[in-house]
Structure formats: C-alpha cells, structure tokens
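In what follows, a single structure is set out as structure tokens and then discussed.
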Number of protein chains: 4
Amino acid sequence: MASRKLTRADLREAADKYKNWGKWGPADEIGTLNYTRADDIVAAARLVKKGKVISLALDFDQRGPQGARSSYPALGRINPLHTMLRTGTDAYAGALDHRGIRAADDMVVMPLQCGTQWDGLGHVFYENSMWNGYDCREVTSQGAQKCGIEKTKNKMVGRGVFLDVPRALGVNCLEDGHAITGADLDRTAEAEGVVVTRGDFVIVRTGQMEAKLAAGSWDGYPGGDAPGFAFETLAWIQRTELAALASDTWGCEVRPNESEPGIVQPWHWITIPIMGLTMGEIFYVKELAEDCALDGVYEFLFVAPALPITGAVGSPTNPLAIK
Amino acid sequence: MASRKLTRADLREAADKYKNWGKWGPADEIGTLNYTRADDIVAAARLVKKGKVISLALDFDQRGPQGARSSYPALGRINPLHTMLRTGTDAYAGALDHRGIRAADDMVVMPLQCGTQWDGLGHVFYENSMWNGYDCREVTSQGAQKCGIEKTKNKMVGRGVFLDVPRALGVNCLEDGHAITGADLDRTAEAEGVVVTRGDFVIVRTGQMEAKLAAGSWDGYPGGDAPGFAFETLAWIQRTELAALASDTWGCEVRPNESEPGIVQPWHWITIPIMGLTMGEIFYVKELAEDCALDGVYEFLFVAPALPITGAVGSPTNPLAIK
Amino acid sequence: MASRKLTRADLREAADKYKNWGKWGPADEIGTLNYTRADDIVAAARLVKKGKVISLALDFDQRGPQGARSSYPALGRINPLHTMLRTGTDAYAGALDHRGIRAADDMVVMPLQCGTQWDGLGHVFYENSMWNGYDCREVTSQGAQKCGIEKTKNKMVGRGVFLDVPRALGVNCLEDGHAITGADLDRTAEAEGVVVTRGDFVIVRTGQMEAKLAAGSWDGYPGGDAPGFAFETLAWIQRTELAALASDTWGCEVRPNESEPGIVQPWHWITIPIMGLTMGEIFYVKELAEDCALDGVYEFLFVAPALPITGAVGSPTNPLAIK
Amino acid sequence: MASRKLTRADLREAADKYKNWGKWGPADEIGTLNYTRADDIVAAARLVKKGKVISLALDFDQRGPQGARSSYPALGRINPLHTMLRTGTDAYAGALDHRGIRAADDMVVMPLQCGTQWDGLGHVFYENSMWNGYDCREVTSQGAQKCGIEKTKNKMVGRGVFLDVPRALGVNCLEDGHAITGADLDRTAEAEGVVVTRGDFVIVRTGQMEAKLAAGSWDGYPGGDAPGFAFETLAWIQRTELAALASDTWGCEVRPNESEPGIVQPWHWITIPIMGLTMGEIFYVKELAEDCALDGVYEFLFVAPALPITGAVGSPTNPLAIK
C-alpha cells in the first residue's frame, strides 16, 4: 500500500469486490448489523462475569475535541453547547416558586458526530449511492429518509471484542500515519486469545486519544494525522463478518490517507455505502484497556444504543462494555 | 389520599421519613443507583434467554410530545430540531466533490427532557437542597456542578422489571387522575410472578402514551392530567430499594396532583432530592408490553445509558430491554 | 384571476415578462434593492420631521406565530428559543463572583424566517435558477454562495411608503382570501396622497396580524389562509420599480393561492428569483397605521437592516419607520 | 490611574458619583438612551448629505472572533452557527417538488454577544442591582424581566459621532493596554471638528479589530489585552450625556484592566448598572474610518436597531452610519 496511492480505479475495484448490497434484501437499512443474531446476544450476555460496566464515552462538553487546531475544515462541527432552561440559582433566588416546584431543566445544541458517536449508513455516499443502493437524494435537509440512525434503535447489542493494537505491538500508542493492517488485527487478537467472529462489535485501540488527553490538547485530533485502519482491512472486515467497528480516533482510518489527492477517507467510501458497516469513532477506551490488561479478558457484552433521532446520519452514544 | 390534599407539612414529614442523604457517603452523587451491585448485573445478564432487544425510546423528532396543547407552560421544552450540516442532495448536486468525499452530517437542538429521558438528580430541589444535601446553587447556568447526569455514565445497567398495571387491573389504560398505589404495584408484580428486589430498574406501564399514539395527538400529554404514582408509593419505593423507576407518562406521578394549590409534583419533591431516585419518563413500552404478555416473562437485562453531557440535569436515552 | 387557476404555463409567461436578470449586471446579487439611489436616501432623510421612530417588529419570543395550528407544514420553523448562559440569579447566588464580574449573557436558536423578517434572494428558486440566473446549487447546506443576505448589509435604507389597504377600502381588516390588486394599491396610495416611486420600500397593511393579536391566537396564521397580493400585482411591482415590499402576513401573497394544485405561492416563484425582489413578512404595522392615520403622513425614512449572517437566505429584522 | 490599581472602594465611590438611578423615573428601563430627543433625531437626519450607507457590522459566521485563542473563558460564546432547513441542492435533486415550491430556509444558533452587538442594561450587575436599582434576580433563566433589549426597539436612532482616536494621535492602531482618556476623546473630537453633545451615539476607533483582520487571526481578541476606555472616562461620559457608546474591541474598556485582582471590567461595573449606558462592542469601523478621513465629516445619522428578543441582555446588530 505504501508503494502507490489509491486511485479512483482502486476504489471502483474495491466497491465491486466488497459490495454487500442486497445481501439482507432490497429493503435493508442496517447493513452489517444484521450479522448479529439472537443466539449471539444470548451468548454475549453470558460473558458478563464480574458485573463491571465500563463506559466508552467521552463526556460531552466544551472540552471535547471539536474546535481544536486542524487543517481540516470543521464545517459546523462544534463541541456540545449545554445550556440551562432553569437553574438551582433561579430556585435559590425564589424565581421558581410561583411554579410550585423548584426544578432545573436544560438543553443541548450538538452536532451528532461531535464526540463519541456512531456513523450511520446515511453518512457517506459512493457516487450517487448510499448503502444498499439507495439514491443519495434520500438524504435531504429533512434528514435521511433511508438508513436513518433510528433504524438501529434495537441493534447495538452483541459480543464486544477489544483489540489493543499498540499493546500487542509493544508500544503505548501507534504513531500518526500508522496504517493498521488485517495482519496487525489478527496478531492482536491472537495475543489476546480472542477470535473475532460473525456479528461481533470490534473496538480497536490506537492510543491516540489517550496521548491527546495526556497532552492536554486536542490540537491535531479532529481531521488531523492519525493512526488507523489501512484500506486493505476491508478484506479483514469482510472475512470476519463483524457487526460494527469502532476506534479511539476521530475517523477510524489512517491519516494522511493512502489515496491520491482528491480522494479523502477512501476506506469510508467503501465501508459505509458499499459494505453497510456502522462505525464508531472517538471512543474512549482507556479504562477498558486497563481493565482488559488486568484480567486478560478481551470480550464482553457490548451495548451502545444510538439515540433514535429520526433521519439522523449519526448519533452520539454512551457505549458500555459489560464484563 | 383522596380525602385531603397534601400540604407542605405533609411534604416535610415525608422528607424526614424518606431521606436517604448520607446513606452512600457525603460525596455521593447518584443516589439509589447505588443499590445495584456487581452481582446483580451478572444475575441480570443471565435473564437474557432469547436474544431479543426491545427499545423503550420514542424516536426523537418533531412528532414528539412537546408543543402539544397543554395548560402547563412548556418553558422552552420543544421537540428535537434535527438539521443537516451536509446532505445527499449536496452530494448529488456536486457541491461536496471539492472535499474529496461525499458525506452527510447533522446536528440537533434538543431539550434534554423533551422525549424518552432520565431525570437526573440535579433536576428537582427541596427548598434550597438537592440530593444528598448539596446546595441548589450547585446548579447554575453553567450546569450542575454536583449530581450531573455524567456521574451515571456506567450505572444504568441491571435487572429490569416491567409492571403492566392496567393489564393486571384488567383495563387497557389507566384513566387520567388514577393514582397508582403501592398495593397496585404489588398486585401487578404478583400477577406477573415477579418480585421487585434491591437494585432493580422498574418500568411501569399506565397505557396513557399508547392511548395518545392511537389518538394521533399528544394534546394533554405534556403536563396534562395523567395516571401515575400516588404520593404513598414513596413507602413502596423505599421498601423495595429499587435503583430507578420509569413510566410511560410525561411526569411519572399522578395528575392532577394530590397536593394543595401552590405545590406542583409533590412526589418529585421527595423522590429526586430526598431519596436520590433517578427517574425515567416518556418511556415507550408498547412493544415490551406485548412481548411480556406473550412470553409471560416480565424481567430482563435493562441497559439505558444516559448521554454523559457534563452538568446535565437530565438526558435523552434509548433504553433497551434485553430478554 | 378568479375565473381560472394559474398554471405552469402562466408562470412561465410571467417569468418571461418580468425577468430582471442582467438588469444590474451579471454579478448582481441584490436585485431591486439597486433601484434605491444615493439621492433617494438623502431625500428620504428629509422626511424625518417629528423625530418619531416606530418599530415594525414583533418581539422575538415563544409567543411568536410559529407553532400555531396550521395545515401547512412548519418544516422546522419554530419560535425563537432564547436561553441564558449566565443570569442575575447566578449573580445573586454568588456563583459568578469568582469571575470578578457579575454579568448575564444569553443566546438564541432561531429560524431566520420565524418572525418579522426579510426573504433574501436565495430563498426561492424558479426551476433550477435563483435570482439573476444563478444556479440553485449555489445554495447548499453551507448556505447561499450567491445572494446571501449579507450582500444587503448596507442596502435597507430609503423612502418608506405605507399603504393601509383596509383603511382605504373602509374596513378594519381584509378577509382571508382577499387578493389585493394593483388597482387596490393605487387607490390606497391616492387616498393617502402618496405616489410610489422608484426605489421605495413599500409596506402594505392587510390587518390580519392585528386580528390574530386581538384574538389572542396565531392559529391559522403561519401558512394559513390570508389576504395578500394577487398574482397580477407583479405588473404593479414592475411598473413602480420599488426596492422592496413588505406586509403584515406570514407570506405576503394571497392564500388560498390562485394557482392549480401542485403550485404553491406562485407570486413568490416570480418575485424573488425572476424579479429579484426582497420581501418583508410578518411586519407589525399597528402602531405605524395609527400614527399615519393621525398625522396623515404615509411616507418616512425607512431603515430595516438585515443581520448579515453569511450565506443566509433570510433574516430577522427590526424595521424602523422614522417620521 | 497608572499609579495604583482600582479597588472596590474606588468602584463604590464611582457608583455614588455617577449613579443615574431614578433620573428618568423609577420605571425606566433604557437609561442613557433617554438622552436622545425627537429634535435630535430630526437634526441627525439632516446630516444625511450624500446618501451613503456604511454598515458597522462584521458578517456573522464561523470566521467571527469567538473561539480564538484567549486566556479568558468563552463560557459558551461560540461563533454563529448557521444551518439550512432546506436548500437549493434539495431543489435541484427534486426533493422539494412535492411541496409545490422550491424554497430554501435556514436557522441560526448564536450567542447574542458573539459578534457586532449591543450590551443591554441587563448584562451587568453592581452587587445585587441592575440598572435603575432593579434587583438582579429580575434576570433569570427565563431572561430579563426588566431592561430586556426589546425595550430599546425604537431607540437606537440619533446623531452618530465617530472618534478616530489613533488617527488623531498619529498612529494606525492603539496598543494593547492603551487606556483612552477623556482628554484623548476631546482631542480627537477637536481634531475632527466635532463636538459630542447630549443624546449622541459615539463610536470610538482603536484600530485593534483592523489589526486582527490584517493579521488573519482573532487570537487574543476575545477577552485578551486591548486598547480601550480608561476608568476615568466615566466623567467624560457623564458630562457629554451621550446616548450610547461603541467601539471596535471585544469589550470597550482597556485590558489588562486597571483594577486589583478580583475585579474584572471595572468600567462595566459602573457604565451599565449605575449609569444605564448601552454599549456597542465588536463594531467594524474600517470603512467608516476611511470615508470620514476622505470627506472630513465625522457626524452622521446613526441607526442600529437591536433585534427585540424578549428578555435578552444583549443583541446582535447591523449598525448603519448614514452620511
């Protein structure tokens, strides 16, 4: 892959090779989430052995990664803006007593992909097509008429597998530009004693988020250089039949991208619209990594419901690893 | 209770009687969620037997219950406003191609208690106090410095118990103003063959939401008359040591309230700030009710993570019953 | 006009007849606002004789016309949602003192056409074209690359002429469905002793808003039946060479529309994209009407700056009549 | 002033000295805007001699000054976020045709003091008091019950006087930390041949904004060091009886402040709550400065209506100098 840059011809070829359109019928709107079956959920629940719940969400606030220095345009992605509709100070001042109850209330303004989040299947198009061959014009200013995130409302449950790649490679953190290969993933799974199987939710650590948190600055994180999935992992994803894939970076795939100028996020061009892969980004995995390193158990029940915002192409989430 | 209206003296007495402050230490910020222990989570996971996931969330959109006719002031609670930052129609028009990727993106403006949601412990104050005796001034325009919803980020997991009260009472839907008693809850549990125990997440059906959905109008739902918990259920809640309680109405407790003029939502005055009870409202339970009626199983693994919005006094949620 | 419904052929014919494209050069983005010249502004300023300023804005708040009952879809147009970032109650509670200043701050979430507002030239398209022949694809999710409201930032100044049509016709309020003709406008001007000339800002009263305010309900106002401009006023507008036109209704033109099913707001199809006419809607003219009736002077200096929000297709405004 | 830092005792003394409470009656909510009389407006209109309109607004967009590097906390002040509800690309894609009209629509999320703006009289408190002695508790999460910006809706009209201080002092731009004195203002007025009189709207240039624009970065602008009004200008303001005062900086007064630690923006402590002075900030004066330098005329008709957002403590504005 290092030898030459991906071209549009390469993408076309990959699109032909990995296309899952029609695999779950012509009306499907959830793609690889279909891989998880009822039995898998029952089996995943059996992985709960110590009753420990680990959240993989960053808190949603003004300290989030948006707004940090980056050469990549933010295009409206701000950090969540949380404001109050009524407060305890209002209560203290006596301003609420005419209501007969002292209650606070609040609201949020948030881009759906500003923090820990799922990319829905309406998020990326291949030419004029979205997942399963739907026309991209199904996503208007009124939202996604097809593949809205609300279609996944009871789907984000299954076996979670955590792949701590830097740990397996003997480093704290992968370097920016490190393209994680299928071989890296296999080697990590092997080192951890787990096997990725059909219907799994696979969470991959690069260590980049922890490095940014340790540095006390998100500069370079949103849209900047990053370790991440190589384009060739498409084969690994197809083979493993995983339900969804998530990582601790802004955009899952390696940056700088492996593609020619004019092609940005080539892996996304294929994963979402062609394969129907739901992806998690900006997952906070530090605590999970520490727990797995300690008990040596890299599999768990994974529950990460999207907020069913009708027609949304993504969703913030509070993903839970339940061990 | 029907005989006379609750007075401030009654509330004061209840506050003394049911106060849980200090029970989990002076620094506690999550209240009754502490009742759920690791073993309970392991046991709850064992309830997953058929691998079925049922979402208890209404979709979040402009068809939500806010904005409906009501004599109760909305005070800024609008339905979620979902807008796009980039669309498939932009892609189709060629407007995104300079970016090298055809991707849609979106955002939401939403009051945190506009739809299916958790009331956090910063939501209601008793006089100048919030849960565990914190000063109400901890909730400023900058949010809740104490008891923010983010403190619950790994806590909303445990055994779920569904109490279908109208079914047990032989009706489709409880009437507005019907005050559900502890005896009603016990009778329902008995009819269903379940026992509510320490650390459970209890979801109670009144049928009101389904009636509104069937009528095609939310008029009267937000802040209107409703069936709901009687003030006397405080004793039942205290005795059962449940972790959290949820219902399918706008505000859990019975309306018109059982209190004198000038006291609104008296049950809330006690449950949240005095007992430390996290509460779920506007839960959609139709599918769960049908499933439980069919298989006769009213207990399940319940996972309903809040979005950890820092300092929030509530949170939208997509609660999952996993059977 | 009453005899038959407007067809697409009629609109095509009108588009040919009234097309101003190119009139102010191929790069023009402000249309008929060009009619107002420097001398006109000097002359308009001379109309200020008593030093009285009358605002034509409704206050922007939750009591605005959006959200009222209507068969017309709101499509995201809500009333302005004003929230505080810091408050006087925070100050009172001592919560701001660590900042060294007791200051309140606030924000707003508002559709740009939710209240008293200007329709910009990017608001309506004729087939695939916007004003001056620009491609409609210039208005993407990133806003209007052409004809954004910010292009008018120093243009909304000139002679204002107020046409109180119901007063001239001897009624309090025009009835819903009343199509105001060019003859009605001429008759009103004549009755008032004014002549509409090139570059004027013409504000037309129907009385509908006052009727809604008097009734205490906006039901039927947003997108409902209304008095308003007949399609044939296009000739009058073209002839008078006015700079901009405003009214006290939701959408200026008569409703029900004069067109066949499938054609909504036919007058808008021509005025904005074909003629380049900036239009004001939801103007509050009660005080102006009273003042003009009293002093008999129906002309004044008119200043109604748009907020220069880059790429906006409309803008809230606080229009001032200065007499 | 340089000799020692302002203390709370100094502020108390200034509060006693400059207090205008009651000057316009106990119910007044607009303070010094009362200074402008009808005759002044008539006279100001006579200043319109060449028919030129100059906007003093920065465009409102993501390129605004918020979010720039600063040691001062932003506290929720973001740049305006403009999003579309419907677009020309939707039109092009055929997605709007079922509506019968091809129309774009949009909305904005904006802090009211994020760009060119007026500080309303509810913005700053002196201890527990706001302008005219109102209790600061009048400003709750529901907005300002007293002194809301909507009270000024027909008041921002009068004679504008532009004081180009750096030009009078023979520099391009005043340095950060330069405290503009009353003598500086007098000297500037004298050099320009203007006299500031009762009821004027005075706009003062420091050159800082132009320096930031030239540098291509707002870093240091929001809440950073800046040239600005010295505390001693309070005497000048009181003497001139101006209606409102504006500048091209983030916060009008000199920074670092002239006060002891623990007192931030001491001049604001007095101007707004004690004197009742409405202030403009982040005014863009480059074009006005160039025009005045060219024609030597530093007075004009000034019209700068606030958006009457009910209960707001500030407002974006598009101020117009009409010469």
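The values are calculated or read from the model by the stated rules, or taken from the named source; none is laboratory data. Treat the numbers as computed from the prediction; the structure is a model and nothing was measured. Counting neighbours? That spans all protein chains shown, and the Cβs are built from the backbone with ideal geometry, glycine included. The accessibility values were calculated without ligands, DNA or RNA, using every heavy atom of the protein model including side chains. Shrake-Rupley method; radii C 1.70, N 1.55, O 1.52, S 1.80 Å.
Condition check ((1) outside any loop (DSSP other than H, G, I, E, B); (2) closer than 22 Å to A:W118 by Cα; (3) in contact with a Leu (Cβ under 6 Å, 6 or more places away or on another chain); (4) not hydrophobic (A, V, I, L, M, F, W, C)) across all residues:
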| site | (1), (2), (3), (4) |
| --- | --- |
| A:E13 | yes, no, no, yes |
| A:I54 | yes, yes, yes, no |
| A:A68 | no, yes, no, no |
| A:S71 | no, no, no, yes |
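Annotation: C:V109 fulfils all but one of (1) assigned to a loop (DSSP other than H, G, I, E, B); (2) within 7 Å of another protein chain (Cβ to nearest Cβ); (3) out of contact with any Gly (no Cβ under 8 Å at 6 or more places or on another chain); the unmet one is (1). Considering only the stretch D:115-164, how many residues are on the phi < 0 side of the Ramachandran plot and part of a loop (DSSP other than H, G, I, E, B)? The total comes to 18.
Yes/no matrix, rows are residues, columns are (1) away from chain D (no Cβ under 11 Å); (2) open to solvent by 10 Å² or more (accessible area, probe 1.4 Å):
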| site | (1), (2) |
| --- | --- |
| C:E260 | no, yes |
| C:V264 | no, yes |
| C:W267 | no, no |
| C:V285 | yes, no |
| C:A293 | yes, yes |
| C:G296 | yes, yes |
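Among the residues of the stretch C:298-309, those that are aliphatic (A, V, I, L, M) and not in a strand (DSSP E or B) comprise C:A304, C:A306, C:L307. Only residues that are in contact with a Leu (Cβ under 9 Å, 6 or more places away or on another chain) and more than 30 Å from B:A321 (Cα to Cα): list them for the stretch B:135-157, please. Correct list: B:T140, B:S141, B:Q142.
Put simply, of B:D219, B:D248, B:D225 the only residue that is open to solvent by 10 Å² or more (accessible area, probe 1.4 Å), in contact with a strand residue (DSSP E or B) (Cβ under 7 Å, 6 or more places away or on another chain), among the charged types (D, E, K, R) and more than 14 Å from chain A (Cβ to nearest Cβ) is B:D225. The set of residues in the stretch D:299-322 being crowded, with 24+ Cβ neighbours inside 10 Å, more than 7 Å from chain C (Cβ to nearest Cβ) and over 12 Å from the mean Cα position of the chain (by Cα) consists of D:F300, D:F302, D:A321. Being in contact with a Phe, Trp or Tyr (Cβ under 6 Å, 6 or more places away or on another chain), surrounded by fewer than 21 Cβ atoms within 10 Å (Cβ to Cβ) and more than 14 Å from chain A (Cβ to nearest Cβ) is a condition met by at least one residue of the stretch B:172-192.
Taken as a whole, the structure leaves C:V202 outside the set of residues that are within 25 Å of C:L112 (Cα to Cα) and within 14 Å of chain D (Cβ to nearest Cβ).
The set of residues in the stretch C:47-57 being more than 7 Å from chain D (Cβ to nearest Cβ) and surrounded by fewer than 23 Cβ atoms within 10 Å (Cβ to Cβ) consists of C:L47 alone. Checked against the criteria, D:V254 does not count as of a type in the set (A, V, I, L, M) and within 14 Å of chain C (Cβ to nearest Cβ). Evaluate the following for A:T206: is it within 15 Å of the chain's Cα centre (by Cα) and open to solvent by less than 10 Å² (accessible area, probe 1.4 Å)? Here the answer is yes, as A:T206 does meet what is asked. If you go through the stretch C:58-91 and keep only what is within 7 Å of chain D (Cβ to nearest Cβ) and of a type in the set (F, W, Y), you end up with just C:F60. The residues listed here are C:A243, C:A235, C:A183; of these, the one that is farther than 30 Å from C:A27 by Cα and at pLDDT 95 or above is C:A183.
Of all the criteria given as (1) surrounded by fewer than 23 Cβ atoms within 10 Å (Cβ to Cβ); (2) of a type outside the set (A, V, I, L, M, F, W, C); (3) assigned to a loop (DSSP other than H, G, I, E, B), the one not satisfied by B:R167 is (3).
Every residue, every condition in (1) touching a strand residue (DSSP E or B) at 6+ places or on another chain (Cβ under 9 Å); (2) of a type in the set (D, E, K, R), yes or no:
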site	(1), (2)
B:N128	yes, no
B:Q142	yes, no
B:I149	yes, no
B:M156	yes, no
B:H178	yes, no
B:E190	no, yes
B:V195	yes, no
B:D200	yes, yes
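Which of the residues that make up the stretch C:170-202 are of a type in the set (A, V, I, L, M), more than 16 Å from C:V254 (Cα to Cα) and in a loop (DSSP other than H, G, I, E, B)? Answer for the stretch C:170-202, where residues must be of a type in the set (A, V, I, L, M), more than 16 Å from C:V254 (Cα to Cα) and in a loop (DSSP other than H, G, I, E, B): C:V171, C:V194, C:V195, C:V196. Inspect all residues belonging to the stretch B:222-229 and state whether any of them is in a strand (DSSP E or B), touching a Ser or Thr at 6+ places or on another chain (Cβ under 7 Å) and farther than 30 Å from A:F302 by Cβ. Yes, because at least one residue in the stretch B:222-229 is in a strand (DSSP E or B), touching a Ser or Thr at 6+ places or on another chain (Cβ under 7 Å) and farther than 30 Å from A:F302 by Cβ.
Within the stretch C:140-149, the set of residues being of a type in the set (S, T, N, Q) and open to solvent by 50 Å² or more (accessible area, probe 1.4 Å) comprises C:Q142, C:Q145. For the stretch B:130-139, a tally of residues being within 7 Å of chain A (Cβ to nearest Cβ) and open to solvent by 10 Å² or more (accessible area, probe 1.4 Å) returns 2.
Residues are listed down the side, and each one gets a yes or a no for (1) without any contact (Cβ under 8 Å) to a residue 40 or more places away in the chain; (2) closer than 17 Å to A:P316 by Cα; (3) hydroxyl-bearing (S, T, Y); (4) open to solvent by less than 10 Å² (accessible area, probe 1.4 Å):
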site	(1), (2), (3), (4)
A:I78	yes, yes, no, no
A:H82	yes, yes, no, no
A:A91	yes, no, no, yes
A:M107	yes, yes, no, yes
A:G115	no, yes, no, yes
A:D119	no, yes, no, yes
A:F125	no, no, no, yes
A:N128	yes, no, no, no
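Looking at A:D28, A:D39, can you tell me which residue is free of Cβ contacts under 8 Å to residues at least 24 places away in the same chain and of a type outside the set (K, R)? Only one candidate passes the filter, namely A:D39. Checking B:R159, B:R102 one by one, the residue that is buried (at least 19 other Cβ atoms within 10 Å of the Cβ) and under 25 Å from B:Y284 (Cβ atoms) is B:R159 and no other.
Every condition in (1) buried (at least 22 other Cβ atoms within 10 Å of the Cβ); (2) free of Cβ contacts under 8 Å to residues at least 24 places away in the same chain; (3) facing chain C (nearest Cβ under 9 Å) is met by D:A95 except one, and the failing one is (3).
Scanning the stretch B:273-297 for residues that are more than 14 Å from B:K50 (Cβ to Cβ) and part of a loop (DSSP other than H, G, I, E, B) yields a total of 6.
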